[in-house]
Amino acid sequence: MIKLSGLTKAFDDNVVLNNIDLEIKKGEIVVIIGPSGTGKSTLLRCLNLLETPDAGRLAIDDIQLDLANASEREAIELRKRASFVFQNYALFANKTALDNIAEGLITVWKQPKAEARATALGILKDIGLAEKQDAYPASLSGGQQQRVGIGRAMAAHSKVILFDEPTSALDPEWVDEVLGLMKQLARQHQTMVVVTHEIEFARDVADRVIFMEGGRIVEQGPPDQILVNPVDPRTREFLRKVLKS
Ligand SMILES: Nc1ncnc2c1ncn2[C@@H]1O[C@H](COP(=O)(O)OP(=O)(O)OP(=O)(O)O)[C@@H](O)[C@H]1O
Ligand SMILES: [Mg+2]
């Protein structure tokens, strides 16, 4: 359903992504792990054109893009198919939980307001936050804010949801409720690409784990293979460090 080829991105002379190819099947849960500064966020951001790469072609659903030369209209069509969940939630502070979810439906999908708000309320019910519909982000816990962030992505019925370290800004007490919601999505066969340091989540939920380093995919495969019996010494070294901490 998604085919990325030749993705390359440099910031000045710092080559952050080096000719990355990636195919993702419908319903697949892909978890990306790797050391800090390795290009994981940049990869996700390029997939949603939050960052413009130097080269790369992307086929997703029924559209094909030259990512380096995409028009604003193509970027919008891409974002209808791929939603982004940010580490720091990125909610609108001056909008309620309900309106945060409805906003994209109104602006991107051009839905009438009443319809968008009805859809948003349905999503809030699904994620167990219906009673918080009128709450502003500042009055929600981190876990609740991130669930709204995920609800926003769910509302768009995206072909794929891109998660960039969705739990790493959370107090430990809220991590499980967010991972729980992501597991719920996984059971519904929502296609997802998740950058995370939650190795246990990767083991339980991923269909495929990708280990990245230095702007390249070093190795990938089923969780058992990559997390238990990695072949590459760099993967082993990384796992030794994260599993120790
Ligand atoms: N906007 C930017 N301008 C310049 N350099 C950038 C920019 N964004 C990222 N970089 C550089 O690109 C490299 C990869 O960064 P990226 O954020 O993709 O890494 P990451 O794998 O997500 O790391 P982390 O695990 O710490 O989140 C780093 O060297 C970073 O300094
Ligand atoms: Mg990152």
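The values are calculated or read from the model by the stated rules, or taken from the named source; none is laboratory data. These figures come from a predicted structure and were not determined experimentally. Glycine also receives a Cβ, built like all others from the backbone with ideal geometry; neighbour counts cover every protein chain displayed. Surface accessibility is based on the protein's heavy atoms, side chains included, excluding ligands, DNA and RNA. Shrake-Rupley method; radii C 1.70, N 1.55, O 1.52, S 1.80 Å.
Quick check on Glu115: is it in contact with a strand residue (DSSP E or B) (Cβ under 7 Å, 6 or more places away or on another chain) and outside any loop (DSSP other than H, G, I, E, B)?
no
Kindly establish whether Leu67 is buried (at least 18 other Cβ atoms within 10 Å of the Cβ) and in contact (Cβ under 8 Å) with a residue 60 or more places away in the chain.
Values: buried (at least 18 other Cβ atoms within 10 Å of the Cβ): yes; in contact (Cβ under 8 Å) with a residue 60 or more places away in the chain: yes.
Criteria met by Leu67.
On the given criteria, is Leu17 within 15 Å of ligand 1 (Cβ to nearest atom), under 24 Å from Thr196 (Cβ atoms) and under 14 Å from the mean Cα position of the chain (by Cα)?
No; evaluated as a whole, the condition is false for this residue.
Only residues in the range 32-45 that are in contact (Cβ under 8 Å) with a residue 60 or more places away in the chain and more than 14 Å from Leu7 (Cβ to Cβ) count as the first member; pair them with residues that are acidic (Asp, Glu) and open to solvent by less than 10 Å² (accessible area, probe 1.4 Å), Cβ under 6 angstrom, at least 6 apart or cross-chain, and list the lot.
Correct list of pairs: empty, since none qualify.
Do we find that Asp54 is touching a residue at least 60 places away in the same chain (Cβ under 8 Å) and either surrounded by 19 or more Cβ atoms within 10 Å (Cβ to Cβ) or not hydrophobic (A, V, I, L, M, F, W, C) (or both) in this structure?
Numbers: touching a residue at least 60 places away in the same chain (Cβ under 8 Å): no; either surrounded by 19 or more Cβ atoms within 10 Å (Cβ to Cβ) or not hydrophobic (A, V, I, L, M, F, W, C) (or both): yes.
Judged against the criteria, Asp54 is not a match.
Which one is most open to solvent (accessible area, probe 1.4 Å), of the residues in the range 177-193 that are touching a residue at least 24 places away in the same chain (Cβ under 8 Å) and touching a helix residue (DSSP H, G or I) at 6+ places or on another chain (Cβ under 6 Å)?
Glu177
Could you grab me the full set of residues in the range 198-225 that are without any contact (Cβ under 8 Å) to a residue 60 or more places away in the chain, touching a helix residue (DSSP H, G or I) at 6+ places or on another chain (Cβ under 8 Å) and open to solvent by less than 30 Å² (accessible area, probe 1.4 Å)?
Matches in the range 198-225: Glu219 only.
So if I check each of Gly27, Gly34, which one is on the phi > 0 side of the Ramachandran plot and in contact with a Lys or Arg (Cβ under 7 Å, 6 or more places away or on another chain)?
On inspection, the qualifying residue turns out to be Gly34.
Mind telling me which of the residues Leu91, Leu58, Leu44 ends up being within 16 Å of ligand 1 (Cβ to nearest atom) and either more than 20 Å from the chain's Cα centre (by Cα) or under 24 Å from Val193 (Cα atoms) (or both)?
Leu44
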